[in-house]
C-alpha cells in the first residue's frame, strides 16, 4: 500500500502569498492545485466561479455547501469525472486576500452551473471532445413489424451541465438495434430524453440532443424525461398492452442512493424516479414479458424491487446498489455496460466490430447470454447485476417475439448430501440427491414431462436416473420427483466437477437436453500449497493439519501475561531472542525480528518495509511471516505489540494488539498474533516449525499481504494479497486461524472422552438440570490441537451444539476433569427422548473421540 495524503473536509491550508496584486482565476486555480491536488489537475474536472463577494451562498443541486467567509473564488472539483453521478465531489474556496484554501465535500454539481467557467484539464478536455455519433446501420435490416413488442428508452440527463454526450449515444445505439436488427416499429419505441424536443442546448458540450437517433430524417425522441411524462407513458402502456406482449425498458444517465437498497434514477430538471415508484409502474401493467437494462449509478438497487412475481421479467444493471457506473475509456463516447450489452444483442458493437454472444449457437441471443457477454467484457470498476423471475426465464427470452409452443429451461438445482456431513455440498464418498426445477417459458402447456440423466464421469454412479415433472403451463415451474441419486467415489479429487447430461421428453413429441454439474468438495476447504519447499497453509475450515481458532491473549492491556516490549513507533523493527531454536525453510534461527507494519521475520532483520507486495518477491524482508503486512502505525494510542513464552505449552507468541492503519487517525484497528511452536515438542517431517496466525479484530484486508516466504524470497505461499485470495483460502476475517506447516495432513490426535450421567432425568416439563461428569485426556505422545463441543440430539434428529471451545498445545497426559457439570434443559424443549454428547475433533464434522448418554424430558410445560 502506498501512503496517500489525506485532505480533511473543511481544513484550512496556509498558502504563501504569491503577489500583492489582485487574485486572478488562473492564480486561484494554481493555489487550489498546490493545496488539494497532489497528483495534479489533469485527473479531475474543474470549474471556477468568481470573483464572488464575502457572504456568497454556494449551493449544489442537492443542497447548501458553504457561505464564503471573504471575497475570492469558488471552485468545483470532480475527482471521479468518468463516473456517472452521483458520487463525492469537492468545493474549494480561495480567499482573495490571504490566499487560504478551504475544501468542503459534497455529492452533486453546482446549482448555478452556468456561472462556473471550465478549467482546462487533460480528462476534462477529453470528455468535452466527445461527440454525438450514430452507430452504423447493420446490414440485412428486417422490415419493421407491428408485433406486440414495445420499448421505452430513457435518458434523464439531470441538467445541461450533467447531460453528457454519451447518454445520447447510448440511446441512439440501442434504438438502431431495436429498429434495424429486431424490427421494432418506430412508433413502438417510446423515447424520453432530457428536455425532449426543446431546441435549447441541453448537453454538457453546449449542443442540443438531436431528435433523430438513427439519421432517417424523422424525430425519434418523443418526450422530455420528466416524472409526469414517465408516469403518463406507463399509464398509457397499461391500457395498450395485453398479457403475453413484450416490453423492453432501457435507461441510461445518472443515479443515486438514499441509503442501502433505496436508490433512484435521475430525470431531467433534477427530478427523480425511485426504484419503488418504477416498480409500481411495472406492476400496473398486464402480465407481459418485461426486459429491463439499466445503466445509471446504483441501478442494481432497482433489481430487488422489480425482479418479483408474477413475472416474467429479466433485469440487469451496470453496477450494484452501492456503487457507481462508468463511462468507457479511452474516448468516453459510451457507457461501458450498455455498450457491451447492446453489442451482444446487436451482433456488432457501436463501431461495427462483429461480436458473438450466442453461446449455445441456437441463433438467438437470450437475455442471460447478453448479460454474460456484457459482464465478461466490462472492464470498468463496476459489478454488473442480473436477475430473472421465474428463475431461469432469461435463458429463453430475447428481444425477438417468443416462439409459439412449450419451451423448458432449467430454473434451479438443489443438492443434498444425505447421510453425509450435512454441509449441503457433495464431498468424496457421499451419496447426493439432486432435485431439478424446470420452467416452461414457452407459450403452450407441456404435459407428461420426464427427465433422464446420465454421466460418463468415472467418479459418479447414478442410482436413480429418472424423474417425472408436473404438467407446466406458460411460465410455470415444477420440481422433478423422485430426486436423482448419485454416489460420489471416495477417490474423487477435491474440486473435481461431475458433469451430468439430462434428456427431457414431453407430450407432442417435445424434447430438449440440458447439462448440469456440481463440484465435489470445496477447493477453499483444501490447504494452500505446498510451495516448492513443502510448506502448506491450512485455515481453520480445512481440517487436516489446521489448528482451531483458539485465541491466546497476551497483551497486558487486555489482562494478558505478555510483555509490551515490541515496536511503539511508526516504521520500526526490533529484534528478540527466541526461547528455543526454530527451523524455518530448512534454516535454524534463535532470533526473530518484529516490525510495526504487521510482519515478523526469522533472524536479525532491519528492514521496516511498509509497502506490501505479493509473495514471493524480492520486495520486503527475507524469511518473512506476513501476518498482516500493511502500512500500520502503533502510535495512535491503545496499541501494544507484545511477546510471551508459554514454557508449559512450549510455544512463543507475538501479538499486535489494537494496532491502527496508518492515516486513519486510529479509526481502523486490527488485532492479530503469530504463535511459533517449539519443533522439539511439535514435530514435522522436515523438522521445520509450525506457525499459527490468528485474527481477533480485522478492519481492512484490501491493502494487506498474508503469507510466508524463504530467505531468498523465491519460495513462499501467498495466502492473500490486496483483497484477492489463494483459490484454497478462506478470506481473513475475525476468527480466522491459519496454520503454516510442512505436515501434509492425516495425523489425528489420540484423545479419550468419558461422559458420565449423574442425575436429573427425566427432566420435569418446566425444565431442569441434567448433571454429568466429563473427562478428556490426551493419551498420545504429541501435543494436540482440537475442538471440544457438546451436542443435544432430540429423537434421533440432527445435533444441536450447545457449547464449543478450541484447544491448542494440549500436552500428552493433560486432562480436563470436571465431575460437577450440569446442562440446563429449558422448559421450551419438547417432551421425548434426548441424547447428550461430548465430542473432540474438528467441529462439526470430524470426530476424534466422543461419548454420550440418554435423558428424557417429561410432557409439555404448563
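Data for the structure
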| quantity | calculated |
| --- | --- |
| Packing rank of 371-378, 112-119, 797-804, 151-158, where each peptide gets the mean count of other beta carbons within 10 Å, highest leading | 151-158, 371-378, 112-119, 797-804 |
| Scattering curve values for segment 785-840, log₁₀ I(q)/I(0), Debye with Cα scatterers, q = 0.15, 0.23 Å⁻¹ | -0.55, -1.02 |
| Between helix 25-36 and the chain: long-axis angle, C-alpha atoms, 0 to 90°, nearest 10 | 10 |
| Binned Cα-Cα distance frequencies in segment 48-107 - 5 Å width, integer % | 4, 19, 30, 23, 13, 8, 2, 0 |
| Three semi-axes of the equivalent ellipsoid, segment 536-741, Cα gyration tensor, whole Å, largest first | 22, 19, 17 |
| Ascending count of other beta-carbon atoms within 10 Å, so fewest first, for 380, 194, 508, 280 | 508, 280, 380, 194 |
| Degrees separating the helix 165-180 axis from the principal Cα axis of the chain, which is the longest one | 80 |
| Cα convex hull volume per residue for segment 265-321 (Å³) | 77 |
| Cα-derived Rg to Rh of segment 225-272, Kirkwood definition | 1.05 |
| Residues 512, 252, 336, sorted so that the one with the fewest Cβ neighbours within 10 Å comes first | 512, 336, 252 |
| Shape call, segment 600-647: gyration tensor on alpha carbons, a/c limit 1.5 | oblate |
| FRET efficiency, residue 847 to residue 648 (Cβ-Cβ, R0 35 Å, nearest 0.05) | 0.80 |
| Residues in segment 815-837 that a label on residue 758 would reach, taking backbone N under 12 Å of a point 7 Å out along Cα→Cβ | 818-823 |
| Sorted largest first, extent of segment 487-546 alpha carbons per principal axis (Å) | 62, 21, 18 |
| Calculated Rg and Dmax of segment 655-776 using C-alpha coordinates, Å | 21.5, 68 |
| Principal semi-axes in Å for segment 12-128 [√(5λ), Cα gyration tensor, largest first] | 21, 17, 12 |
| Modelled FRET efficiency - R0 35 Å, residue 351 with residue 611, Cβ distances, 0.05 increments | 0.30 |
| Tensor-based shape of segment 149-395 (alpha-carbon gyration tensor, a/c under 1.5 rounded, otherwise prolate or oblate) | rounded |
| Nearest-0.05 FRET efficiency for residue 413 and residue 820, computed from C-beta distance (R0 60 Å) | 0.75 |
| By average C-beta atoms within 10 angstrom, highest first, the peptides 132-138, 82-88, 437-443, 818-824 | 437-443, 82-88, 132-138, 818-824 |
| Shape of segment 527-579, Cα gyration tensor, a/c cut at 1.5 | oblate |
| Which of 398, 699 has the fewest Cβ neighbours within 10 Å, and the rest in rising order | 699, 398 |
| Between helix 367-377 and the chain: long-axis angle, C-alpha atoms, 0 to 90°, nearest 10 | 80 |
| All-pairs alpha carbon distance profile, segment 408-521, 10 Å steps from 0, percent | 14, 46, 27, 12, 1 |
| Viscosity 1.567 mPa s, 4 °C: Kirkwood-radius Stokes-Einstein D of segment 294-407 over Cα pairs, µm²/s | 89 |
| Ordering of 160-166, 239-245, 39-45 by packing [mean C-beta count within 10 Å, highest first] | 160-166, 39-45, 239-245 |
| Cα radius of gyration and Dmax for segment 343-407 (Å) | 12.8, 42 |
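No value in this document is a laboratory result; all are computed from the given coordinates. Note that the coordinates shown come from a computational prediction; the quantities given were computed from them, not determined experimentally. Don't worry about glycine lacking a Cβ; one is built from the backbone with ideal geometry, like all the others, and counts go over all protein chains shown.
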